[in-house]
Every structure is written in structure tokens, then in C-alpha cells.
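J.: Please read through the structure below; I'll follow up with questions.
Just so you know, all these numbers are worked out from the coordinates, no wet-lab data involved. Note that the coordinates shown come from a computational prediction; the quantities given were computed from them, not determined experimentally. Reconstructed Cβ throughout: ideal geometry from the backbone, glycine too, with neighbour counts over all protein chains shown.
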Amino acid sequence: MEQRSIVFLTGAGISAESGINTFRSAGGLWETYSIDEVCTPEAFRRNRKFVLEFYNKRRAELHDKLPNPAHRMIAALEKDYGSRIINITQNIDDLFEKAGCSAVMHLHGELTKARCEFCGHTWHIGYKAIYGDEQCPDCGNHKTRHHVVMFHEEAPLYWLLYATIDRLFATESMLVVIGTSGQVLPVELFARAAPVSILNNLDPEPAIDDRVFTHVFYEKAGVASARIDTLCREYLEL
Ligand SMILES: [Zn+2]
């Protein structure tokens, strides 16, 4: 029989405590910028420089941000249980990597990477600004963009997400959802598929029916992480 595993699915809420400016929360970036201005392919075609600058600022802001206990909890589980821990995030920050995670599935891309518009190659750029004419280390062309999935763009990793979620039906996997509003991904549907599931958000979200989850924590991720850690380890040791 296949060993039990845990699928973590995390969103902006897990990084909010680390001071990452979130897009959807009150007082978030959308109050300063409009989505149509900075986060769509149309905007990027219209004003490439402005959109690249927007992401340059977000990338620079990331430099001094630190992971919180929730990121570190998942990193410690990965260290102890390896590939039995599946870490899927909607976040584009690098706090999981800073916490020591090595296998993170970033559904919406990564701020610390650039992408070649010719060949699709991605590469690590750290916290540096890009201006769109950097040379691709793979194909040599000079048309570079941020490696972030914008609104109305396809998220190429979604197929992998759904394949992973399908495995929840087939194997005994626990689902842990942290810090997501349920507006982007149907987390409730995923929870129904999992034999055991945990939901941790700051507050109840209208898009999530929490009755489908086995355990529900409405508090900061950094606070809930100790109990989530215990539940995960108990589940993996069964
Ligand atoms: Zn290229």
C-alpha cells in the first residue's frame, strides 16, 4: 500500500503575517493599483515598462521578508517526510524557499524568476529588477518578462494540481488548506475528495463551506501551525 501523504494548499494568508502585501485583502495592492493596469496580458502589451516595474517593486520588497512559523512547519515536515509532503502554493513569494523547502509547486509563478518570451525558459534572478531586454540563458533571445501568472492567463501548473488532487481520491492523503479565500481554487471540492482535511484561515470565507473540513482553525497561520503540525505528524505515523 502507498504511504500516506499530505497535500498543503496555501494562499496569501500564510504570507500575510510575514508582511507580504496581499492583492485581495483590505488595504492590499488593489487599492493602489488596478488589476487592469498591472496584472493582465492586455496591460502588459499596452505598457510593458509599467508592468515590469510593478513586479520589480514587489520583488525588491521581498528581499527582507522572513518566513513565519507556518512556513517553517511545512519545511520541517518536508525535511522529516520528504516526498510525502506535497507543497502547492498560490503565492509568488519565496518564503517557503527561505524556510528551507526544496519542492514547492508555485501555481502562479515566482517573483524571483524571469521567463523568456521566446522559449519559455525560466531562471533565478533573486531580487533584481528586470527591464525586458535581458538575454535568455537558454536560447539567447532578448525578450524577458516576470515569471508570474497574470489574470486571464493560463496557469500551466493547474493540470499538475488537478492530477495531484485526483490522487487524493485514490490514496490516503490529508489535505491542509491555509490562508486562501477559495475564490481562485475550489478548495471545498478538494476537501470533499480527501479523507481528512484541515482548514486554517484568519476568518470564515464566504466561498468556503467549512463543514466539509475535518478540522477548522480560524486564527493566524503562525498560531495554528503548532496544532496543524501535530495533526500532520499523527496522520503520517498511522
Ligand atoms: Zn529563451
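J.: Over the stretch 51-153, calculate the relative contact order: mean separation of alpha carbon pairs under 8 Å at least 6 apart, over the residue count, as a percent.
T.: 27 percent
J.: Per residue, what volume in Å³ does the Cα convex hull of the chain take up? It would help to have the intermediate numbers written out before the result.
T.: Values: hull volume 29.6 nm³, N = 238.
In the chain, the Cα convex hull volume per residue is 124 Å³.
J.: Turning to a different aspect of this structure: Among ALA221, TRP159, PRO186, flag the residue with its Cα farthest along the positive direction of the charge dipole of the stretch 153-238, charges on Cβ as +1 for Lys/Arg and -1 for Asp/Glu.
T.: The Cα lying farthest towards the positive end belongs to ALA221.
J.: Give me the net charge of ASN200's neighbourhood, meaning all other residues with Cβ under 14 Å from the Cβ of ASN200; Lys, Arg count +1, Asp, Glu -1. Intermediate values should be presented prior to the final figure.
T.: On the way: positive: LYS220, ARG227; negative: GLU17, ASP203, GLU205, ASP210, GLU219, ASP229.
Every neighbour counted, the sum reads -4.
J.: Same structure again: Let's test the formula: R0 of 35 Å, r as the Cβ-Cβ distance of GLU37 and ALA103. What FRET efficiency results, to the nearest 0.05?
T.: Working: r = 34 Å, r/R0 = 0.98.
For GLU37 and ALA103, the calculated efficiency is 0.55.
J.: Projecting each Cα onto the charge dipole of the chain (Lys/Arg +1, Asp/Glu -1 at the beta carbon, about the Cα centre), which of VAL51, GLY13, PHE96 comes out farthest on the positive side?
T.: VAL51
J.: With a ≥ b ≥ c the root eigenvalues of the C-alpha gyration tensor of the stretch 152-238, is it rounded (a/c under 1.5), prolate (a/b larger than b/c) or oblate? Could you put the intermediate results ahead of the total?
T.: On the way: a/c = 1.78, a/b = 1.16, b/c = 1.54.
Here the stretch 152-238 falls in the oblate category.
J.: Counting other beta carbons within 10 Å of each Cβ, put LEU231, LEU95, LEU77 in order, fewest first.
T.: Ordered from fewest to most neighbouring Cβ atoms within 10 Å, LEU231, LEU95, LEU77 come out as LEU231, LEU77, LEU95.
J.: Shifting gears a bit: Sum -39500 (n - 2.57) across every DSSP H segment of at least 4 residues in the chain, then divide by the residue count to get the 222 nm mean residue ellipticity, nearest 500. Let's see the in-between values first.
T.: Working: 9 runs with 85 residues, N = 238.
Helices in the chain give a 222 nm mean residue ellipticity of -10500 deg cm²/dmol.
J.: So what's the stretch 101-175 giving for Cα Rg divided by 2.2 N^0.38 Å, two decimals? Mind showing how you got there, number by number?
T.: Numbers: Rg = 15.4 Å, N = 75, 2.2 N^0.38 = 11.3 Å.
Against the empirical 2.2 N^0.38 Å value, I get 1.36 for the stretch 101-175.
J.: Oh, and also: In percent, what relative contact order does the chain have, based on Cα pairs under 8 Å that are 6 or more apart in sequence?
T.: Numbers: 431 pairs, mean separation 55.5, N = 238.
Computed over the chain, the figure is 23 percent.
J.: While we're on this one: Can you tell me which lysines have their Cα less than 28 Å from the Cα of LYS113? Leave out same-chain residues fewer than eight positions away.
T.: LYS49, LYS57, LYS65, LYS79, LYS98, LYS128, LYS143
J.: I need two numbers for the stretch 32-98: Rg to one decimal and Dmax as a whole number, Cα atoms only, in Å.
T.: 16.2, 48
J.: Let me ask another. Using only the Cα atoms of the stretch 1-137, what are the Rg and Dmax in Å?
T.: Taking only Cα atoms of the stretch 1-137, I get Rg and Dmax of 16.3, 54 Å.
J.: What's the exposure ranking of GLU78, GLU188, going from fewest to most Cβ atoms within 10 Å? Intermediate values should be presented prior to the final figure.
T.: On the way: GLU78 23, GLU188 19.
Result, fewest neighbours first: GLU188, GLU78.
J.: Strictly under 4.7 angstrom between C-beta atoms: which cysteines of the chain have no such partner?
T.: CYS39, CYS101, CYS232 - these cysteines have no disulfide-compatible partner (Cβ-Cβ under 4.7 Å) in the chain.
J.: Among residues other than GLY109 whose Cβ falls under 15 Å from its Cβ, what is the net charge (Lys/Arg +1, Asp/Glu -1)?
T.: Numbers: positive: ARG58, ARG59, LYS113, ARG115, ARG145; negative: ASP93, ASP94, GLU97, GLU110, GLU117, GLU153, GLU154.
Neighbourhood net charge equals -2.
J.: Mind ordering 57-66, 3-12, 83-92, 112-121 by average Cβ neighbours within 10 Å, highest first? It would help to have the intermediate numbers written out before the result.
T.: On the way: 57-66: 15.3, 3-12: 22.1, 83-92: 20.6, 112-121: 17.6.
The most tightly packed comes first, giving 3-12, 83-92, 112-121, 57-66.
J.: Under a Cβ-only charge scheme (Lys and Arg +1, Asp and Glu -1), can you give me the dipole magnitude of the stretch 115-214 about the Cα centre, in debye to the nearest 20?
T.: Numbers: 7 positive and 13 negative charges, 39 e Å.
In total the dipole reaches around 180 debye.
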